[in-house]
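Novice: The following block contains the structure, expressed as structure tokens.
The values are calculated or read from the model by the stated rules, or taken from the named source; none is laboratory data. Fair warning: this is a prediction, and the values are worked out from it, not measured in the lab. Heads up, the Cβs are rebuilt from the backbone with ideal geometry, glycines too, and the neighbour counts pull from every protein chain shown. The protein model used for the area step is the full one, side chains on, heavy atoms only, and it has no ligands, DNA or RNA in it. Shrake-Rupley method; radii C 1.70, N 1.55, O 1.52, S 1.80 Å.
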Amino acid sequence: MKINIYLFALVTMMLGMSTGVKAQSSVKNQAVLTLSDGSKRYYDTESLSSIDVDGTNVKIVQGTSSYTFAKMVTDISFTKGTPVDEGAEGNYNNTQGKVHINESKGWLESAYVKFALFSGATSYNVYVKGCHYADYTKIDRELVRNYGSYGRADVVGLKAGEYCLKIVPVNPDGMEMADAANEVTALTVKNYDRGGFAHMNWTKGVGAYKDDGTLKDGAVVLYVTKNNFNTITLDMVTDKKGKTETCTGLGNILIAKQKGYDTKPLAVRILGMITSSDADAAQRRTDQDGLLLKANNTTIDLAVTIEGIGDDVVFKGFGIGVVSGCDVEIRNMAVFYQGSSDDNMEIKGTQHVWVHHCDYFYGAKGGGDHDKGDGSLDCKDNCSFATFSYNHFWDSGKSILCGMKKETTDNLISYHHNWFDHSDSRHPRVRTSTVHIYNNYFDGNGKYGVGATMGSSIFVENNYFRGTFRPMMSSKQGTDATGDGTFSGENGGIIKSFGNVFVEKPKSFSFITYQVNSTSFDAYEATARDEVVPETVVTLAGNTTYNNFDTDPQRMHSGVVDATGDVPDIVTGYYGAGRLNHGDIQYVFNNATDDADYGRNAGLDAVLAAYSSSLVGFFGDENSQSQ
């Protein structure tokens, strides 16, 4: 029996599926195969040519490729995917004579409102009410910005709950025009997902914020634009006797945290775009010409958050480096066009570090394998208790390097809910470390997904692989041993795989499990999440074993793992990967051509080259212009 493409057309029509390029708000309709072990395999109906049933065998045909389940399928069904969550608007009434509200939403520990400029007003006061704000409380003026044709206010540091925002225009005399005020209510705010190793055995919150989303007690807040990046000042404690010095420039302020004398939590809030020409070389302190946060050792509690405000924060031409210390968060940022041999972000030796909801684009064009720049988000040198989550990798070349060659600890690192959007390789490439990779969306990856080398132990769980040529590889064995030369001659590592889904498999798809070849394999396919990998499972090169960290409660974090079929909608939804509202830089890839292409995408490159910030500045401050 053959369920052919005509039936899929009928199913598509019945389920209301649209055709054409996938939009972020689209509904993915799927055929679901239930296997004899109770696991499920999901296939987007738009990618299928047919499902052939021959007795007890079921063959999935996708274009020119196919895969046969021999005596394994117990049920075939169809389901309508969950619509991608685009966030709920607040409630407001644009009455004549009041500030006109254009858009308002709650997000993750934040909320925002856009509004039309009001005649006669030179600035605006914005107030927040809800949860820990019992009455309307005025927000910092730097959070209320002028975008030329409209105003915008973002409120951050919010607990989960429901909030109201009130916008009050202010006349040239500094008086509030109360009769023209307008408010938006029922803004729903959610907490960030704090799953993963960064928060393991760390209850005070990673960075400048508590786990409930509010600022830590005594936290200092800095607002940084292109105009004050080099001149902003902060009094810092610089020796054990409590000596205080005034540090000038963001780079110097961060360096003053190095010895650990200044213990105040620090929230650095970036607004608009800052380019390498805006940032003096004296403020860019990393060995890769980026902004540097550094500590003398891993016991120094930095308690620093570097965060973008709104959906349009960009570092262009330089990146961020974090070296040693602990208690660091980076969120809601975009970085592109850093040097061709420089990492977008580099984490070295830091513990309890959390990088999330960032957008990673191309570095500057270089030669050889640096056509797209170097690493997007690398961690190394005994970086541990680290979480990298909800990040969006836009056609990255070398997405993530995890570990070097001299790590001596467990290096507990987690990657979850990231969107590897037509990126090529290293998702991540892991040396020596102990890593949990779960609930990521591998979306049209031209070279490979997860790479294991040098005795690493990797648990790859409930990830959704669409159009990925080689989902998992271990150096010198399995698929890598077929001669592709994907790795650079290092010994292999062990991958434990469970609950992963592979759809729209390319013609050259390869995934060799231990159960198929116990000598030369890509991964050990577990039949249960808590299955212990036997010590007899060893790498072909290096003879190393899996350390079974994921079944050891002393070494495994307690984060919640989502169902695999829900991953694409979660990751691409409103609360998913990348900056708020998926950022202000958008590009839609063409799966038909871009899945297999690992060259630099001319269309995306053109968008980045033409990008400019529309931020004018803070209302009422002529010197704050940030364009």
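Novice: With the requirement that a residue be farther than 18 Å from ASN491 by Cβ and either among the hydrophobic types (A, V, I, L, M, F, W, C) or out of contact with any helix residue (DSSP H, G or I) (no Cβ under 7 Å at 6 or more places or on another chain) (or both), what does the stretch 504-516 give you?
Specialist: Selection gives LYS505, PRO506, LYS507, SER508, PHE509, PHE511, THR513, GLN515, VAL516.
Novice: Another question, then. List pairs: first residue in the stretch 564-586 and closer than 16 Å to PHE361 by Cα, second residue crowded, with 22+ Cβ neighbours inside 10 Å and among the β-branched types (Val, Ile, Thr) anywhere in the structure, Cβ distance under 7 angstrom, at least six positions apart or on different chains.
Specialist: ALA577/VAL571
Matching residues to (1) over 13 Å from the mean Cα position of the chain (by Cα); (2) farther than 19 Å from ASN332 by Cβ; (3) among the β-branched types (Val, Ile, Thr); (4) in a strand (DSSP E or B):
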position: PHE385; (1), (2), (3), (4): yes, yes, no, yes
position: PHE388; (1), (2), (3), (4): no, no, no, yes
position: PHE393; (1), (2), (3), (4): no, no, no, yes
position: LYS405; (1), (2), (3), (4): yes, yes, no, no
position: THR408; (1), (2), (3), (4): yes, yes, yes, no
position: TYR415; (1), (2), (3), (4): no, no, no, yes
position: SER423; (1), (2), (3), (4): yes, yes, no, no
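Residue by residue, here is whether (1) within 26 Å of the chain's Cα centre (by Cα); (2) crowded, with 24+ Cβ neighbours inside 10 Å; (3) assigned to a strand (DSSP E or B) holds:
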{"site": "ILE437", "(1), (2), (3)": "yes, yes, yes"}
{"site": "PHE442", "(1), (2), (3)": "yes, yes, yes"}
{"site": "ILE458", "(1), (2), (3)": "yes, yes, yes"}
{"site": "THR468", "(1), (2), (3)": "yes, yes, no"}
{"site": "LYS476", "(1), (2), (3)": "no, no, no"}
{"site": "ASP480", "(1), (2), (3)": "no, yes, no"}
{"site": "GLY489", "(1), (2), (3)": "no, no, no"}
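Novice: Name the residue that is farthest from SER376 (Cα to Cα), counting only residues in the stretch 422-435 that are open to solvent by 10 Å² or more (accessible area, probe 1.4 Å) and of a type outside the set (Ser, Thr, Tyr).
Specialist: Ranking the qualifying residues of the stretch 422-435, first place goes to ARG431.
Novice: Another question about this same structure. Select from the stretch 220-276 the residues that are open to solvent by 50 Å² or more (accessible area, probe 1.4 Å), assigned to a strand (DSSP E or B) and hydroxyl-bearing (Ser, Thr, Tyr) and list them in ascending order.
Specialist: Selection gives THR233, THR244, THR246, THR248.
Novice: Could you go through the stretch 418-427 and let me know if any residue there is touching a helix residue (DSSP H, G or I) at 6+ places or on another chain (Cβ under 7 Å) and modelled with pLDDT of 95 or more.
Specialist: Yes.
Novice: Suppose we keep only residues that are open to solvent by 50 Å² or more (accessible area, probe 1.4 Å) and touching an Asp or Glu at 6+ places or on another chain (Cβ under 8 Å) within the stretch 81-95. Which one would you say is modelled with the lowest pLDDT? Walk me through it before giving the result.
Specialist: Quick first cut of the stretch 81-95, residues open to solvent by 50 Å² or more (accessible area, probe 1.4 Å) only: 82-83, 85-86, 88-89, 91-95.
Next, from what is left, pick out any that are touching an Asp or Glu at 6+ places or on another chain (Cβ under 8 Å): 82-83, 85, 89, 92.
Values: THR82: 55, PRO83: 60, ASP85: 73, GLU89: 94, TYR92: 96.
Per the criteria, the residue is THR82.
Novice: Just to verify a result, which residue in the stretch 513-529, among those that are part of a loop (DSSP other than H, G, I, E, B) and touching a Phe, Trp or Tyr at 6+ places or on another chain (Cβ under 9 Å), is surrounded by the most Cβ atoms within 10 Å (Cβ to Cβ)?
Specialist: So the first thing to find is which residues in the stretch 513-529 are part of a loop (DSSP other than H, G, I, E, B), and the list is 514-522, 526-529.
Imposing the further condition that a residue be touching a Phe, Trp or Tyr at 6+ places or on another chain (Cβ under 9 Å) reduces the set to 514-515, 521-522, 526-529.
Details: TYR514: 23, GLN515: 12, PHE521: 26, ASP522: 30, ALA526: 21, THR527: 10, ALA528: 10, ARG529: 14.
That would be ASP522.
Novice: Going residue by residue through the stretch 157-165, is there one that turns out to be open to solvent by 30 Å² or more (accessible area, probe 1.4 Å) and within 21 Å of GLY620 (Cβ to Cβ)?
Specialist: Within the stretch 157-165, not a single residue is open to solvent by 30 Å² or more (accessible area, probe 1.4 Å) and within 21 Å of GLY620 (Cβ to Cβ).
Novice: Moving on to the next point. Of all residues being open to solvent by less than 40 Å² (accessible area, probe 1.4 Å) and either of a type in the set (A, V, I, L, M) or over 15 Å from the mean Cα position of the chain (by Cα) (or both) in the stretch 562-590, which is nearest to ASP154 (Cα to Cα)? Just the residue, please.
Specialist: LEU580
Novice: If you take the residues of the stretch 491-512 that are of a type outside the set (A, V, I, L, M, F, W, C), open to solvent by 20 Å² or more (accessible area, probe 1.4 Å) and over 26 Å from the mean Cα position of the chain (by Cα), which of them is farthest from ARG431 (Cα to Cα)?
Specialist: Among them, the one singled out is LYS507.
Novice: Can you pull out the residues in the stretch 127-143 that are part of a strand (DSSP E or B) and under 10 Å from LEU165 (Cβ atoms)?
Specialist: If we filter the stretch 127-143 for residues that are part of a strand (DSSP E or B), which is where we start, we get 127-130, 133-138.
TYR127, VAL128, LYS129, GLY130, TYR136 - these are the residues of the stretch 127-143 that are part of a strand (DSSP E or B) and under 10 Å from LEU165 (Cβ atoms).
Novice: Surrounded by 24 or more Cβ atoms within 10 Å (Cβ to Cβ) and not aliphatic (A, V, I, L, M): does that describe ASN382?
Specialist: For ASN382, the condition - surrounded by 24 or more Cβ atoms within 10 Å (Cβ to Cβ) and not aliphatic (A, V, I, L, M) - is not met.
Novice: Six or more apart or on different chains, Cβ atoms under 9 Å: show the pairs whose first residue is in the stretch 175-200 and within 30 Å of VAL353 (Cβ to Cβ) and among the acidic types (Asp, Glu) and whose second is outside any strand (DSSP E or B) and open to solvent by 70 Å² or more (accessible area, probe 1.4 Å).
Specialist: Cβ pairs passing all conditions: ASP193/VAL560.
Novice: Out of the residues in the stretch 96-120 meeting the condition of being outside any strand (DSSP E or B) and touching a Gly at 6+ places or on another chain (Cβ under 9 Å), tell me which one is most open to solvent (accessible area, probe 1.4 Å).
Specialist: Here the residue is LEU117.
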